[in-house]
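The values are calculated or read from the model by the stated rules, or taken from the named source; none is laboratory data. Bear in mind the structure is a predicted one, so any value in this text is a computation, not a measurement. Ideal geometry is used to build each Cβ from the backbone, glycine not excepted, and the neighbour counts take in all protein chains shown. Areas reflect the complete protein model, heavy atoms only, side chains present, ligands, DNA and RNA absent. Shrake-Rupley method; radii C 1.70, N 1.55, O 1.52, S 1.80 Å.
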Amino acid sequence: MINQLVYKSGFLFAIPVNGVMFFIIYIMTIEMKKTLIYTLPDQSYPKDWRVIDNLENKSIGDKLMADQNFIGVKVRSAINTLEYNYLLNPLFPKYHDYIKILSVDKLEVDARLIK
């Protein structure tokens, strides 16, 4: 069994220039140990967890981060429930010893998708 997890995630920068917003998207690939990731069980999700601004979700996440038992938490995506997101915890002891950034790549977005 492979003990490492390689995860890709995107992040967006919105930059205003002369009243026009420019968007730059990057994809970061990271590697970490699977054993340090906690998967939130389905029964732990609050009722209506997919509702925007559901503060119960935040409370669960805040507690898991404050406890510092895991470097990350695997949670269902509210947008696509067939996928998962990983919430990384920079408060985890020796966080930088366990996270390895493999690459950061700029994603070129077709202008027709932004119109």
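Pull up the DSSP beta bridges for the chain and report the antiparallel fraction as a percent, rounded to 5.
In the chain, approximately 90 percent of DSSP beta bridges are antiparallel ones.
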For the chain, whose charge dipole is built from +1 on Lys and Arg Cβ atoms and -1 on Asp and Glu Cβ atoms, the candidate among GLN43, GLN68, HIS96 with its Cα farthest towards the positive end is HIS96
With every protein chain kept in place and a 1.4 Å probe, region 1-91 has an accessible area per residue in Å² of 70 Å²
Please list ASP97, ASP110 in order of solvent-accessible area, largest first, computed with a 1.4 Å probe with all protein chains present.
ASP97, ASP110
Report, to one decimal in Å, the Kirkwood hydrodynamic radius for the chain based on all distinct Cα pairs.
16.4 Å
In degrees rounded to 10, the 0-90 angle between helix 55-67 Cα long axis and the longest Cα principal axis of the chain is 60 degrees
So how do MET32, MET65, MET21 rank on accessible area, 1.4 Å probe, biggest first, that is with the largest at the start?
MET21, MET65, MET32
Contact order normalised by residue count of region 29-86, Cα under 8 Å, 6+ apart, percent
36 percent
Given points 7 Å out from each Cα along the Cα-Cβ axis, report the THR35 to ASN80 separation in nanometres with one decimal.
3.1 nm
Contact order relative to length of region 18-115, as percent, for alpha carbon pairs under 8 angstrom and 6 or more apart
40 percent
Helix-only [θ]222 nm of the chain, DSSP H runs n ≥ 4, -39500 (n - 2.57) each, per residue, nearest 500:
-4000 deg cm²/dmol
